[in-house]
Amino acid sequence: MNDRTRTRGLRAAVGIAIASGGLAFATAAPAAEWYWAPGAAIGADYNDNPGLSSRADEEDSIFGAIGQLSLEVGYLAPTSSGWIRPQIRSRRYGSDDEERDSDDQFLDFLFRGEDQTSRWGLNGSWSHEQVRTAELADVILDPDIPELPEDDTGVVNVEGRRDRIRLRPFYERDFSALSAYRLQASFVDTSYDDEAFELRDYRDLRAEVQYLRHVNPLMDWVVGVFGRDYSSDERGDATGYGLRTGIERRISETTRLDFLVGVESTEPDDGDSETDYIADVSLTRRLQTTWLKAGYRRSLAGSGLGTISARDEVHLSFRRDLTELISAGLGLRAYRSSALAEDGTDRDFTQLRAEFVWRLTQTFSLIGDYRYNFLDREDEPESADSNQAYLYLQWAPQRPGVQARQRLEPGR
C-alpha cells in the first residue's frame, strides 16, 4: 500500500469515526426517539456532454442506468437530534462508454442540540466518487441538506476519483440576556488519485470567533474575526485572517435574513499578500408547503486547482408542494471564480435545475430531474454546456415525525 492510498484510507476513517462518535454521543440523550429510514432508487441517466468539452467534435452523449441504496439512522430528543446516512451509488453506461461507469460512496451526518444557555452542532460529509460528478457545483433543492464549504474546480473532463472530508462544527453560548459568543470552523480535506493528474490534493481550515449582540428579540448584530490555514500538494501553503460584521434577522417565524460583509487578507508562502472583500447575504423562507432561499456570496476558498480562489456567486432555490402528491423545484446557481495566485484560471459557471416529484404511494415516488450546465473557462477558446436528465423510481418508507431525506442527488 503506497502513502497516498494509506492517507486516503486514514481520511476516510477519520470522517467515519467523527460521525460515529457523534452518533454514539447521542445515546446519552434523555428520552430519545430512535429511527431508521432505508432508501433505494433506480432509473435512467442521460448527458449530452458529460465532460463539458468546449469542442463540438469531442462531445459524446451518454445514456445509462443509475442506482442508489441508502440508510439513515438517527434520533430525536427534547433538546437534541442527529442522523448519519451512508449511501452507495452506481452508474453504468454500456460497453461503448464504460470509462464513465462509477461506483461512488458517501457518508453524511448532522448533529445539533441546545440547553437554556448554549447551542451546538456538527455537520459534515465524506465522499469517494468520480471526478466528473464530484467537481461541479450543483443547485441544492433539498432544504434538509446543510450548507458546507464549496470547493469545486469545474474540471470534469479528466478521469480519476476524489476523496473528500468536509466538517463544520459550531458552539454558541450566552453571556447574558443581551449578548452571546459563537465558535465555528470549516474544514475541507481533498485528495485525488493518480489519474486526475490535473488536480492537486489540498487541505483548507478556517476558524472564527463571533460576538453576538441581541438588538431585539428578532435581530442579532454580529462581529467576528477568523483565521485560515491552507496547504496544497506542489503549489505551497497560505495563511489568512479577516473580520466581518452584519446582522442575523428573523423577519418572522418563517422568514430569516442573514447579512454579513467583511475583508480577508491572504498571504501565500511564495508571493505577495492580497486583501479582498467577502460577503454572505441570504434570505430564507420556509412554509408548510413552500421553501425559498436566495442570496449572494463572495468568498475565498481552496480548490483542486492548488490555490485559493475568489468567487462571486448568486443562488436561488425554490420548492413547492403543488398538491398532496406532486411537488416541484426550481433553482439557479451562477458564479465567477478566479485564483488569487495564478492567471488563466478564471471561469464562469451557471447551472439551472428543475425537479418534479410524483408520490405514487406512501413509499414510492417517480422523480424527474433536469440540469443545464454552462462553463466558460479563460484557458479554453470556447465555452461549453451540457444537458443532464434523470428519471428514476424511488423507494423511501416514511417514519412518524421524521421528514424523509432520501431523495437521490444524481449529480451530487
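Restricted to the range 240-257, and to residues there that are in contact with a Ser or Thr (Cβ under 9 Å, 6 or more places away or on another chain) and within 19 Å of A207 (Cα to Cα), the residue that is surrounded by the fewest Cβ atoms within 10 Å (Cβ to Cβ) is Y241.
For G160, the test of being within 21 Å of R91 (Cα to Cα) and more than 16 Å from the chain's Cα centre (by Cα) is passed. Counting the residues of the range 104-138 that are farther than 27 Å from R336 by Cα, crowded, with 20+ Cβ neighbours inside 10 Å and of a type in the set (D, E) gives 1.
Taking the condition of being closer than 25 Å to V158 by Cα and either touching a Cys at 6+ places or on another chain (Cβ under 8 Å) or of a type in the set (G, A, S) (or both), how many residues in the range 170-197 meet it? Adding up the residues that qualify gives 2.
Out of G302, G306, G331, G344, which single residue is modelled with pLDDT under 95 and either in contact with a Lys or Arg (Cβ under 6 Å, 6 or more places away or on another chain) or farther than 25 Å from L52 by Cβ (or both)? Quick ask: steps written out before the conclusion?
Working: G302 fails: either in contact with a Lys or Arg (Cβ under 6 Å, 6 or more places away or on another chain) or farther than 25 Å from L52 by Cβ (or both); G331 fails: modelled with pLDDT under 95; G344 fails: either in contact with a Lys or Arg (Cβ under 6 Å, 6 or more places away or on another chain) or farther than 25 Å from L52 by Cβ (or both).
Among G302, G306, G331, G344, only G306 is modelled with pLDDT under 95 and either in contact with a Lys or Arg (Cβ under 6 Å, 6 or more places away or on another chain) or farther than 25 Å from L52 by Cβ (or both).
Scanning the range 245-290 for residues that are out of contact with any strand residue (DSSP E or B) (no Cβ under 6 Å at 6 or more places or on another chain) and basic (K, R) yields a single hit, R286. Among residues of the range 269-294 that are more than 17 Å from R250 (Cα to Cα), those with a beta-carbon under 6 Å from a residue that is in a loop (DSSP other than H, G, I, E, B) and modelled with pLDDT under 95 at least six positions away or on a different chain give the pairs G271/A341; E274/L340.
Rundown of residues vs (1) touching a Phe, Trp or Tyr at 6+ places or on another chain (Cβ under 7 Å); (2) of a type in the set (A, V, I, L, M), yes/no style:
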{"site": "G306", "(1), (2)": "yes, no"}
{"site": "A310", "(1), (2)": "no, yes"}
{"site": "V314", "(1), (2)": "yes, yes"}
{"site": "D321", "(1), (2)": "no, no"}
{"site": "I326", "(1), (2)": "yes, yes"}
{"site": "G329", "(1), (2)": "yes, no"}
{"site": "S338", "(1), (2)": "no, no"}
{"site": "D346", "(1), (2)": "no, no"}
{"site": "T350", "(1), (2)": "yes, no"}
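Is there a residue being within 20 Å of the chain's Cα centre (by Cα) and either in contact (Cβ under 8 Å) with a residue 12 or more places away in the chain or assigned to a loop (DSSP other than H, G, I, E, B) (or both) anywhere in the range 171-182? Within the range 171-182 (the criterion being within 20 Å of the chain's Cα centre (by Cα) and either in contact (Cβ under 8 Å) with a residue 12 or more places away in the chain or assigned to a loop (DSSP other than H, G, I, E, B) (or both)), the answer is no, since none of the residues qualifies. When the range 25-84 is filtered for residues that are modelled with pLDDT under 90, surrounded by 18 or more Cβ atoms within 10 Å (Cβ to Cβ), of a type in the set (S, T, N, Q) and in a loop (DSSP other than H, G, I, E, B), the ones remaining, listed by number, are S53, S54.
Taken together, the criteria place E172 among residues that are over 25 Å from A37 (Cβ atoms) and among the acidic types (D, E).
What about S90, is it more than 18 Å from the chain's Cα centre (by Cα), modelled with pLDDT under 90, of a type in the set (S, T, N, Q) and assigned to a strand (DSSP E or B)?
Numbers: more than 18 Å from the chain's Cα centre (by Cα): yes; modelled with pLDDT under 90: no; of a type in the set (S, T, N, Q): yes; assigned to a strand (DSSP E or B): yes.
Taking the combined requirement at face value, the residue does not satisfy it.
Do you know which residues across the range 143-192 are charged (D, E, K, R), crowded, with 17+ Cβ neighbours inside 10 Å and out of contact with any Ser or Thr (no Cβ under 9 Å at 6 or more places or on another chain)? Walk me through how you get there before you give the answer.
At the first step, the residues of the range 143-192 found to be charged (D, E, K, R) are 144, 147, 150-152, 159, 161-164, 166, 168, 172-174, 182, 189.
Retained after the next criterion (residues that are crowded, with 17+ Cβ neighbours inside 10 Å): 150-152, 161-164, 166, 168, 172, 182, 189.
Of everything in the range 143-192, those that are charged (D, E, K, R), crowded, with 17+ Cβ neighbours inside 10 Å and out of contact with any Ser or Thr (no Cβ under 9 Å at 6 or more places or on another chain) turn out to be R182, D189.
The values are calculated or read from the model by the stated rules, or taken from the named source; none is laboratory data. Computed from a prediction, not measured in an experiment: that's the story for all the values here. Note: ideal-geometry Cβ built from the backbone for every residue, glycine included; neighbour counts use all protein chains shown.
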